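The values are calculated or read from the model by the stated rules, or taken from the named source; none is laboratory data. Keep in mind it's a predicted model, so treat the numbers as computed, not measured. All Cβ positions, glycine included, derive from the backbone under ideal geometry; neighbour counts span all protein chains shown.
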Amino acid sequence: MKNCRLSWSLVTVLAIVVAIFSYKFTVGNVAPSDDGRQAVLLSKDERNALLLEMRTWLQSSQGILAAASENNFDEVVRSATASGMGAEATTPGSLFRKLPVEMKALGFDTRRKFDDIAADAGKSKDKGRVVAKLSVAMNNCIACHAMYRFVETD
Ligand code: HEC
C-alpha cells in the first residue's frame, strides 16, 4: 500500500516535470520587450548565428530577384536553395529550447518557401511565379520581425 502511494507520488512529480519542460519548450526563453515585441533571450553566439542566418535570407531574397530579372533560373535555384531546409544544419541545437514554438514554425515555413521557390523556378522558368512566391515568403519576414527581437543575455 505504502509502495503504491510512493509510486503515485513519483508519477505525479514526473508528470509535473514533463509539463514544465513542455511548457518551457513551447514558450521558449522570452521576456516582454519595451518596444511591444517579445525579446528572445540568447547567448552571444546563438544571437550571432541567427543574425547571420537572417543576412543570408536577405541575400537570397535579393539574389532571387536579381536572377529572375535576368531570366537566370539556375541562379534563382542556387540563391533560394542557400536559404532552404538544407541550410538548417548550421543552426545551433541549443536554440530549439530557447525559441518560442510559433517562431520555430515561422522559421521552418520560411525555409520551406525558399525550397519551393527553387523547385518551382527550376521547372516553370517563370519569373512572374518566382516574384509572386518570394513576395509571399517575405510576409513571413514581416510577421516575425513584428513579433520578436533577439536580446543577448550573457
Ligand atoms: C522566425 C522569425 C523570423 C523570420 C521568419 C525572419 N526573421 Fe529576420 N530577424 C528576426 C529577428 C528576431 C531579428 C532581430 C531583430 C531585432 O533584434 O530587432 C531579425 C533580424 C534580421 C536582420 C538583421 C540582421 C543583422 O545582422 O542585424 C535581417 C537582415 C533580417 N532579419 C532579414 C530577414 C529576411 C529577409 C527574412 C525573410 C526572408 C527574415 N529576416 C525572416 C526574426 C525573423
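A compact table of results
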| quantity | calculated |
| --- | --- |
| Qualifying residue in the stretch 119-126 (condition: near the ligand (Cβ under 8 Å from one of its atoms), part of a helix (DSSP H, G or I), at pLDDT 95 or above and surrounded by fewer than 19 Cβ atoms within 10 Å (Cβ to Cβ)) | no |
| Hey, Thr12 near the ligand (Cβ under 10 Å from one of its atoms) and among the β-branched types (Val, Ile, Thr) or not | no |
| Given (1) surrounded by 15 or more Cβ atoms within 10 Å (Cβ to Cβ); (2) within 11 Å of the ligand (Cβ to nearest atom), index of the condition Lys98 fails | (2) |
| Residues being aliphatic (A, V, I, L, M) and in contact (Cβ under 8 Å) with a residue 12 or more places away in the chain - total across the stretch 7-27 | 1 |
| Count of residues meeting criterion [acidic (Asp, Glu), out of contact with any helix residue (DSSP H, G or I) (no Cβ under 6 Å at 6 or more places or on another chain), away from the ligand (no atom under 11 Å from the Cβ) and in a helix (DSSP H, G or I)] in the stretch 49-78 | 1 |
| Condition broken by Ala137, with the remaining ones in (1) more than 13 Å from the chain's Cα centre (by Cα); (2) more than 28 Å from Tyr23 (Cα to Cα); (3) near the ligand (Cβ under 8 Å from one of its atoms) satisfied | (1) |
| Search result, residues across the stretch 37-48 that are within 11 Å of the ligand (Cβ to nearest atom), part of a helix (DSSP H, G or I) and either touching a Pro at 6+ places or on another chain (Cβ under 9 Å) or of a type in the set (Gly, Ala, Ser) (or both) | none |
| Val151 vs. criteria over 12 Å from the mean Cα position of the chain (by Cα), within 15 Å of the ligand (Cβ to nearest atom) and of a type outside the set (Lys, Arg) | yes |
